[in-house]
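Working notes, structure below.
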Amino acid sequence: MTEEVRTENRWLRARRRIASNPVLNLSYRIAVGVIGTAVLVVGIVTIPYPGPGWLIVFAGLGILGSEFAWAHRLLHFAKAKYDAFMDWFAKQSIVVKALSALATMLIVLATLWVLGTFSLVGGWFGIEHSILESPL
């Protein structure tokens, strides 16, 4: 028996013990729901930024999918749609790819401006202008 199979069997036994106690099972499912939802929300927020936004979304759905069938189905649906989109995007012209990069850059710059990063960094160099100030 491989180590992977032993670990899986250990996990299944532990999960069965949790499931046998209704209060513990409900608590476990609530915890999985809260943690999975938090990870999913962070992933959704980070999608427009460079980095692992979609990976975080899939991780959140994977966490939720470990306890909820609807999330498991949604994970497979979202992954198929993501793969299809990436296949389509890879076939696009350099113009479409450049416009996507420009849109991503504008989203990042807008976020930095709203968070007040430009005024902070400008202050380090003695540059103070009202346009650098966050609208918040």
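Go through the range 73-98 residue by residue and tally those that are among the acidic types (D, E) and farther than 17 Å from L55 by Cβ.
The number of residues fulfilling the criteria is 1.
Are any of the residues in the range 106-113 surrounded by 15 or more Cβ atoms within 10 Å (Cβ to Cβ) and not assigned by TED's automatic domain parsing to the domain that holds I30?
There is at least one residue in the range 106-113 that is surrounded by 15 or more Cβ atoms within 10 Å (Cβ to Cβ) and not assigned by TED's automatic domain parsing to the domain that holds I30.
Can L136 be described as of a type outside the set (D, E, K, R) and outside any loop (DSSP other than H, G, I, E, B)?
Taking the combined requirement at face value, the residue does not satisfy it.
Pairs under 7 Å by beta carbon, first residue under 16 Å from I63 (Cβ atoms) in the range 13-31, partner charged (D, E, K, R), six or more apart or different chains?
Every condition considered, the pairs that remain are R29/E67.
From the list P48, P52, P135, which residue is under 25 Å from V32 (Cβ atoms) and either modelled with pLDDT under 95 or of a type in the set (V, I, T) (or both)? Don't jump to the end; show me each part of the working.
On the way: P48 fails: under 25 Å from V32 (Cβ atoms); P135 fails: under 25 Å from V32 (Cβ atoms).
On inspection, the qualifying residue turns out to be P52.
Among the candidates S93, S119, single out the residue that is over 30 Å from G33 (Cβ atoms), loosely packed, with under 15 Cβ neighbours inside 10 Å and of a type in the set (G, A, S).
S93
How about the range 53-69: which of its residues are assigned to a loop (DSSP other than H, G, I, E, B) and not hydrophobic (A, V, I, L, M, F, W, C)?
Those that are assigned to a loop (DSSP other than H, G, I, E, B) and not hydrophobic (A, V, I, L, M, F, W, C): S66, E67.
Condition check ((1) under 23 Å from the mean Cα position of the chain (by Cα); (2) small (G, A, S)) across all residues:
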{"residue": "H76", "(1), (2)": "yes, no"}
{"residue": "K81", "(1), (2)": "yes, no"}
{"residue": "M86", "(1), (2)": "yes, no"}
{"residue": "K91", "(1), (2)": "no, no"}
{"residue": "A98", "(1), (2)": "no, yes"}
{"residue": "L112", "(1), (2)": "yes, no"}
{"residue": "G123", "(1), (2)": "no, yes"}
{"residue": "L136", "(1), (2)": "no, no"}
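Residue by residue, here is whether (1) in a helix (DSSP H, G or I); (2) of a type in the set (F, W, Y); (3) touching a helix residue (DSSP H, G or I) at 6+ places or on another chain (Cβ under 7 Å) holds:
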position	(1), (2), (3)
A71	yes, no, yes
H76	yes, no, no
K81	yes, no, no
W88	yes, yes, no
Q92	no, no, no
A98	yes, no, no
M105	yes, no, no
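The values are calculated or read from the model by the stated rules, or taken from the named source; none is laboratory data. Note that the structure is a prediction, hence the values are computed from the model and not measured. Heads up, the Cβs are rebuilt from the backbone with ideal geometry, glycines too, and the neighbour counts pull from every protein chain shown.
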